[in-house]
1. Give the residue that is least open to solvent (accessible area, probe 1.4 Å), with candidates limited to residues of region 1-13 that are touching a strand residue (DSSP E or B) at 6+ places or on another chain (Cβ under 7 Å) and closer than 30 Å to residue 160 by Cα.
2. Do we find a residue being of a type in the set (Val, Ile, Thr), open to solvent by less than 50 Å² (accessible area, probe 1.4 Å), in a loop (DSSP other than H, G, I, E, B) and modelled with pLDDT of 90 or more anywhere in region 136-147?
3. Looking only at region 14-66, how many residues end up being open to solvent by 30 Å² or more (accessible area, probe 1.4 Å) and among the small types (Gly, Ala, Ser)?
4. Within region 116-133, is even one residue open to solvent by 50 Å² or more (accessible area, probe 1.4 Å) and under 16 Å from residue 74 (Cα atoms)?
5. Could you go through region 86-104 and let me know if any residue there is without any contact (Cβ under 8 Å) to a residue 24 or more places away in the chain and surrounded by 13 or more Cβ atoms within 10 Å (Cβ to Cβ).
6. Tell me which residues, restricted to region 1-60, are in contact (Cβ under 8 Å) with a residue 60 or more places away in the chain, out of contact with any helix residue (DSSP H, G or I) (no Cβ under 9 Å at 6 or more places or on another chain) and of a type in the set (D, E, K, R).
Amino acid sequence: MSEVKISAETRTEFGKGAARRIRRDSKVPGVLYGHGSDPLHLTLPGHDLLLALRTPNVLIALDIDGKTNELAIPKSVQRDPIKGFLEHVDLLLVKRGEKVTVEVPVHAEGELAAGGNLLEHVLNALPVEAEATHIPEAVTVSVEGLEAGASILAKDITLPKGTTLAVEEDTVVLQVLAAQAEEAPEGEEAEGEEVAEA
């Protein structure tokens, strides 16, 4: 996974008013924490951060005030529910070689067995442990030819080298559901029978 370089500034103003001023300048307030250090309050460039967050579990190389370089991954992102702009971001400090627990998107590929079966994503993202600089962007699972009632468990998913499950092996990730047959409601059938008798 590639690193995305972002320049950040430490901030000393807090509260809603300060956060609004930061957002007015197309920037995003954030907090960097981890490794037992005191939380560091930052101001990050909104557009650069938005582009970086398109990649799940992106590794961000922070240049803080042009003095300190730190590696971080996004832990919590708050967006405006209507307009979708970034309101705040929590970043977790990581070090090269360190293992971190993250959720990786699950992608299904292939066609289910004929019969209109439905694929249910019980987990949209799989909790895994991986080295901070080698977090997989996603895991892909083949559902080719699976019949109704089939399940794919966490242990059935092939993970990239150096990545391990951070969830029980028997956790259901995907399952195939039988298509529901369309039946006329019972009330309609009963009415039809009465008409026939009349």
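1. Step one: filter region 1-13 for residues touching a strand residue (DSSP E or B) at 6+ places or on another chain (Cβ under 7 Å), giving 1, 3-11.
Imposing the further condition that a residue be closer than 30 Å to residue 160 by Cα reduces the set to 1, 3-6.
Values: 1: 62, 3: 64, 4: 45, 5: 162, 6: 3 Å².
Restricting to residues being touching a strand residue (DSSP E or B) at 6+ places or on another chain (Cβ under 7 Å) and closer than 30 Å to residue 160 by Cα, the top hit is 6.
2. So the first thing to find is which residues in region 136-147 are of a type in the set (Val, Ile, Thr), and the list is 139-141, 143.
If we keep only those that are open to solvent by less than 50 Å² (accessible area, probe 1.4 Å) as well, we get 139, 141, 143.
Then drop every residue that is not in a loop (DSSP other than H, G, I, E, B), which leaves 143.
Still in the list and also modelled with pLDDT of 90 or more: 143.
Yes.
3. Counting residues in region 14-66 that are open to solvent by 30 Å² or more (accessible area, probe 1.4 Å) and among the small types (Gly, Ala, Ser) gives 6.
4. Yes, there is a match, as at least one residue in region 116-133 is open to solvent by 50 Å² or more (accessible area, probe 1.4 Å) and under 16 Å from residue 74 (Cα atoms).
5. Taking region 86-104 first, the residues without any contact (Cβ under 8 Å) to a residue 24 or more places away in the chain are none.
Scanning region 86-104, I find no residue that is without any contact (Cβ under 8 Å) to a residue 24 or more places away in the chain and surrounded by 13 or more Cβ atoms within 10 Å (Cβ to Cβ), so the answer is no.
6. Hit for region 1-60 is 3, nothing else.
The values are calculated or read from the model by the stated rules, or taken from the named source; none is laboratory data. All of these numbers come straight from a predicted model, not from anything done at the bench. All Cβ positions, even for glycine, are placed from backbone atoms using ideal geometry, and neighbour counts span all protein chains on display. The area values use the complete protein model at the heavy-atom level, side chains included, leaving out ligands, DNA and RNA. Shrake-Rupley method; radii C 1.70, N 1.55, O 1.52, S 1.80 Å.
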